[in-house]
1. Check whether at least one residue in the range 147-154 is under 30 Å from Glu50 (Cβ atoms) and touching a Phe, Trp or Tyr at 6+ places or on another chain (Cβ under 9 Å), and report yes or no.
2. When the range 87-104 is examined, which residues are found to be surrounded by fewer than 19 Cβ atoms within 10 Å (Cβ to Cβ) and closer than 19 Å to Thr141 by Cα?
3. Do any strands (runs of 3 or more DSSP E) entirely within the range 15-106 hold 3 or more residues that are farther than 27 Å from Ala128 by Cβ and in contact with a strand residue (DSSP E or B) (Cβ under 8 Å, 6 or more places away or on another chain), and if so, which?
4. With the requirement that a residue be out of contact with any Leu (no Cβ under 9 Å at 6 or more places or on another chain) and either among the hydroxyl-bearing types (Ser, Thr, Tyr) or crowded, with 20+ Cβ neighbours inside 10 Å (or both), what does the range 121-141 give you?
5. So if I check each of Gly115, Gly92, Gly80, which one is of a type outside the set (A, V, I, L, M, F, W, C) and at pLDDT below 90?
6. Restricting the first residue to the range 115-132 and requiring it to be under 29 Å from Asn65 (Cα atoms) and in contact (Cβ under 8 Å) with a residue 60 or more places away in the chain, which pairs with a second residue that is outside any strand (DSSP E or B) and small (Gly, Ala, Ser) meet a Cβ separation below 9 Å and a spacing of at least six or different chains?
7. So, Ile136, is that one in contact with a Phe, Trp or Tyr (Cβ under 7 Å, 6 or more places away or on another chain) and outside any strand (DSSP E or B) or not?
8. Within the range 7-28, is even one residue exposed (fewer than 11 other Cβ atoms within 10 Å of the Cβ), basic (Lys, Arg), at pLDDT below 90 and over 24 Å from Asn164 (Cβ atoms)?
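The values are calculated or read from the model by the stated rules, or taken from the named source; none is laboratory data. The shown structure was predicted, so the numbers you read here are calculated from the model rather than taken from an experiment. Quick reminder, even Gly has a Cβ in these numbers, built from the backbone with ideal geometry, and neighbours come from all protein chains shown.
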Amino acid sequence: MRETVSYKKGIRGQSWGEYIIIGNTPKMQEVYRSIIRMAGVNTAVLIRGERGTGKRLISRAIYYNSSRRDRPFFIIGNIGKSEMQLESELFGHEKGVFPGAIDKRIGKFLQCDEGTVFLDEIGNIPVATQIKLLRILQEHTFEPLGSREVIKVDVRLIASTNKNLEGCNER
């Protein structure tokens, strides 16, 4: 991390690899300290904030400063995807498991083994898929759609939401 200055507007910020986060207020300094703290541990991270506040940028800063920075990093958004499409993207699928599955597909979690997956707006993901994500967090395993093969992976999960997930009791 290095401090940078935008000469166009005189706004100070922090550089995180090729990304710059603008802001030098006490609250932003707290965000920078959180990025460094989260980058130094190998645990799942939930980034909360309103739309447009830079959650994706924060995820990249955590990844860039982590020990996994030389491993894959995938960003997965779920807007407009059906539950099956999202699960296929995350976990992969076997040939013929659903209409249009003409080939076996390797999911992002296996492609990203030893790397980091960023799930954008996890609060919009269907509950059944969230349960499968919990298995990845707890057991580091998953099953591709249409398969009984249990696959073990070492993936760090960073997720974001603009919702109060603790207050959500029903779906």
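1. Going residue by residue through the range 147-154, those that are under 30 Å from Glu50 (Cβ atoms) are none.
Scanning the range 147-154, I find no residue that is under 30 Å from Glu50 (Cβ atoms) and touching a Phe, Trp or Tyr at 6+ places or on another chain (Cβ under 9 Å), so the answer is no.
2. Glu89, Glu94, Lys104
3. Values: elements: 19-22, 45-48, 73-77.
In the range 15-106, the matching strands (runs of 3 or more DSSP E) lie at 19-22.
4. Of everything in the range 121-141, just one residue is out of contact with any Leu (no Cβ under 9 Å at 6 or more places or on another chain) and either among the hydroxyl-bearing types (Ser, Thr, Tyr) or crowded, with 20+ Cβ neighbours inside 10 Å (or both), namely Thr141.
5. Numbers: Gly115 fails: at pLDDT below 90; Gly92 fails: at pLDDT below 90.
Exactly one residue qualifies, and that residue is Gly80.
6. That search, which allows pairs on different chains as well, returns Phe118/Ser59; Asp120/Ser59.
7. Against the criterion (in contact with a Phe, Trp or Tyr (Cβ under 7 Å, 6 or more places away or on another chain) and outside any strand (DSSP E or B)), Ile136 qualifies.
8. yes
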